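Colleague: Below are the structure tokens for one structure; questions will follow.
The values are calculated or read from the model by the stated rules, or taken from the named source; none is laboratory data. In this text, all values refer to a predicted model and were calculated from it rather than measured experimentally. Methodologically, a virtual Cβ is constructed for each residue, glycine included, from the backbone with ideal geometry; neighbour enumeration extends over all protein chains shown. To get the accessible areas, we keep the full protein, side chains included, count just its heavy atoms, and leave off ligands, DNA and RNA. Shrake-Rupley method; radii C 1.70, N 1.55, O 1.52, S 1.80 Å.
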Amino acid sequence: VLGVLQDLSLYILLAIPVEKAYLSYNSLLFQLVGLLAVAAFITLFAAMILSRGITFPVSQLVKVAKKIRLGEYVTKFPSPSTNEIDELSVAISEMQEGIKTRQEEINHLAYFDTLTTLPNRNQFSLHLSKTIAGDDDKKVTVLMMDIDRFKEINDTVGHDFGDIVLTLIVDRLLGYG
């Protein structure tokens, strides 16, 4: 009711044709679907970027782990993007250092005597083979020494004393004693 004029109520009726009313609804519906499609595309694009940010460092660490598996030592590790990737990268780096240390220890045990730290028979054979195979004009002299009755020293006074005697002999040969 807009008002009353001479005991009559005044009304205003606002009307729009039905075609125009549905046109407005259809237009809004089309805009809504368009906005949803754009939002879905933006969300998909953001998810791809985010997943690449997560999976790329992991794939780089997988490549590093494969190189380590093949016996190659890696000096540069991929830069971490999350704490988990950082921890994984540090763990793989420490694993590589552990492998390298154990390999050096195994190599040392294979070619050097643990008591005297002198090269052992394996190292001697390897070095002699390389020397002989190297230069044909090079002359090679091999000196062999034996400690008489060393077995008797070990049997009578014990292996610990035999070890002491052996280290003293090595020190004298090397000029330390």
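Colleague: What number of residues within segment 125-177 are of a type in the set (S, T, N, Q), over 47 Å from the mean Cα position of the chain (by Cα) and closer than 18 Å to Thr114 by Cβ? Walk me through it before giving the result.
Modeller: Let us first name the residues in segment 125-177 that are of a type in the set (S, T, N, Q), namely 125, 129, 131, 141, 154, 156, 167.
Applying the additional criterion that residues be over 47 Å from the mean Cα position of the chain (by Cα) yields 141, 154, 156.
From what's left, closer than 18 Å to Thr114 by Cβ: 154.
Going through segment 125-177 one residue at a time, the tally reaches 1.
Colleague: Any residue in segment 47-64 that's farther than 15 Å from Lys76 by Cβ and of a type outside the set (Phe, Trp, Tyr): show its pairings with residues that are assigned to a helix (DSSP H, G or I) and open to solvent by less than 50 Å² (accessible area, probe 1.4 Å) at Cβ separation under 7 Å, as long as the two are six or more apart or on different chains.
Modeller: Matching pairs, first to second residue: Val58/Ile85.
Colleague: Those residues that are open to solvent by less than 100 Å² (accessible area, probe 1.4 Å), at pLDDT 90 or above and of a type outside the set (A, V, I, L, M), I need them from segment 1-43; list them, please.
Modeller: Selection gives Gly34, Thr43.
Colleague: Out of contact with any Ser or Thr (no Cβ under 6 Å at 6 or more places or on another chain), among the hydroxyl-bearing types (Ser, Thr, Tyr), in a helix (DSSP H, G or I) and closer than 30 Å to Glu87 by Cα: does that describe Ser59? Before the answer, list the steps.
Modeller: Numbers: out of contact with any Ser or Thr (no Cβ under 6 Å at 6 or more places or on another chain): yes; among the hydroxyl-bearing types (Ser, Thr, Tyr): yes; in a helix (DSSP H, G or I): yes; closer than 30 Å to Glu87 by Cα: yes.
It is true that Ser59 is out of contact with any Ser or Thr (no Cβ under 6 Å at 6 or more places or on another chain), among the hydroxyl-bearing types (Ser, Thr, Tyr), in a helix (DSSP H, G or I) and closer than 30 Å to Glu87 by Cα.
Colleague: Okay, moving on. Just one of (1) over 30 Å from Ile164 (Cα atoms); (2) touching a Pro at 6+ places or on another chain (Cβ under 7 Å); (3) not aliphatic (A, V, I, L, M) trips up Tyr111, so point out which.
Modeller: So Tyr111 meets the others, but not (1).
Colleague: Can we say Ile106 is open to solvent by less than 70 Å² (accessible area, probe 1.4 Å) and among the β-branched types (Val, Ile, Thr)? If you could, list the steps in order and put the result at the bottom.
Modeller: Working: open to solvent by less than 70 Å² (accessible area, probe 1.4 Å): no; among the β-branched types (Val, Ile, Thr): yes.
Answer is no for this residue.
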